[in-house]
Structures are given as structure tokens and as C-alpha cells.
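Everything on this sheet refers to the single structure shown next.
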Amino acid sequence: MLDNILTWDREATLFINGSDNVYFDQIIYYATSTWSWVPLGVVLLWLLWKNLSPSQFGLAILCLSVAVIISNELSSSVFKPLFQRWRPTQDPVYMYMVDVVHNYRGGRFGFFSAHASNTFSVAIFLAYLFRHKWLNVWIVSWAMVNCYTRLYLGVHYLGDVLVGTCFGVMIGYAMAYLFRKFAKVDVPIFEKKSVHLFLCAILASYCLVFIVAAISFL
């Protein structure tokens, strides 16, 4: 049973991995980089400060920080050393079957994906804060795009990403529960202008990735 699951996992990953489009390679390569989302982070910090009291702002930042720290440490310090599952790009058996971009292969082990866990923990917490239907769709799509980039670049198996997503969702919900309990707010706390601004920031971040990818060809 386990062998069948692992075989399916490898086949699904190889199916998703890579493409024959060099421009799309560039887009995915830059989209997986943390710096490409820095403008979005700056806008988020400003909106949190604008819409929350100082104590609520501090608690929100603390919850976000703890979510990422727990997520990252579980992946990097516990699961990866414990399971020692090769990344596709590092697996001696499969590494030459994987399409890579700019020779980016990541570290040795990939279970579970810290990218998936980190981004989904943040996305679920933010979805709780905003509680706006369409904005939350975009927030979750941001996390999903980050997960997809890891598969496209071949640095994670699909199973790595799915497990990382599950951990991220649980951590995000846990931090949202703690925020609600200690901040004593249980209603949407962002005005419409703030919601629209954050949506624009997400779209602008995507545009930035496309522009940088295009410039890299010049």
C-alpha cells in the first residue's frame, strides 16, 4: 500500500514538474523567492497598524511570527531530519528525470515542505483577520501558488506539499483561535478600503513577478 502511494506521488510530481516554456520557468523561479512578496508584506503591516489597536497589532504580529517559526521548525528541525526523504532534485534515482531551473535543487531532504506550511499558516490566519469572501480566495490562492512553484521546480514531491499544507492550515487556525481569545475581537476588523488595498497589493505582487521575469530576458 505504501509503495503504491509513493509511486503515485512520484508520478504525479513528475507530471506537474517543469515545462517547455522558458519565460514561465522565469516566472515560477521568481515567484518562489521570498523577496517577490516583500511589497505585499509591507502593505499588510501598514494595514494591521491602521486597523488594529497597538496591543492587537502586537498580538497579530506575534501570532504570525509564531506560526511561521513553529511551521518552519517542525519541517526543518523535526520532520526532515527524522524522515530524511530526498527532494526529487536530490534523489539519486530520480534527480535526472526532474526539470530544474537555474540549477536550483534545494537542500537534501524535502518532507514536509516548509514553503507550503509557512504560507498556509499565514494565509489561514490572514483569512480569519479579513473575513472577506473574495479577498480570502486570493489569499489562499497566494499560498497555493507558492506550493505549486515547489512542485514545478522539482524541489518537493506532491506528498511533501500536501502534508505541509495540512500542518500550515492547523497552525494557522490555532493562531487565529489564540488571537480571537486574547485580542477579544470576533467581527471583521478591516474597513472596505483596507480590504481593497490588500487585494490590489496581491495583484501588484503578481505583476511584479511577471515584470521581473520579462526584464531577465533583456
Just how many % of Cα pairs in region 103-217 lie over 19 Å apart, if you round to the nearest whole percent?
55
Region 161-218 pair-distance distribution - Cα-Cα, 10 Å bins, rounded %
18, 21, 37, 18, 5, 0
Computed helical MRE - 222 nm, the chain, DSSP H runs ≥ 4 contributing -39500 (n - 2.57), nearest 500:
-23000 deg cm²/dmol
Under 19 Å, Cα to Cα: Lys pairs in the chain, sequence gap 8 or more or different chains:
5
Could you order the peptides 7-13, 85-91 from most to least packed, using the average number of other C-beta atoms within 10 Å per residue?
85-91, 7-13
If I histogram all Cα-Cα distances within region 1-100 using bins 10 Å wide from 0, what percent of pairs lands in each bin?
12, 25, 30, 21, 11, 1
Given the C-alpha centroids of region 118-162 and region 1-63, what is the distance between them in whole angstrom?
6
Once you have the alpha carbon radius of gyration of region 39-84, what is it after dividing by 2.2 N^0.38 Å, with N set to its residue count?
1.56
Normalised by the number of residues in the chain, what is the relative contact order in percent for Cα pairs under 8 Å and 6+ residues apart?
32
Do you know the relative contact order of region 21-112, to the nearest whole percent, from alpha carbon pairs under 8 angstrom that are 6+ apart?
26
For the chain, the fraction of alpha-carbon pairs in successive 5 Å shells from zero, as %:
1, 7, 14, 18, 18, 15, 12, 8, 5, 2, 0
How many Å³ per residue does the convex hull of the Cα positions in region 143-192 occupy?
89
Given contacts defined as C-alpha pairs under 8 Å and at least six residues apart, what's the relative contact order of region 86-184, whole-number percent?
38
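Any read-out appearing in this document is the output of simple, stated calculations on the displayed coordinates, not a laboratory observation. Source: prediction; values computed, not measured. FYI the Cβ positions are ideal-geometry reconstructions off the backbone, even for glycines, and counts take in every protein chain you see.
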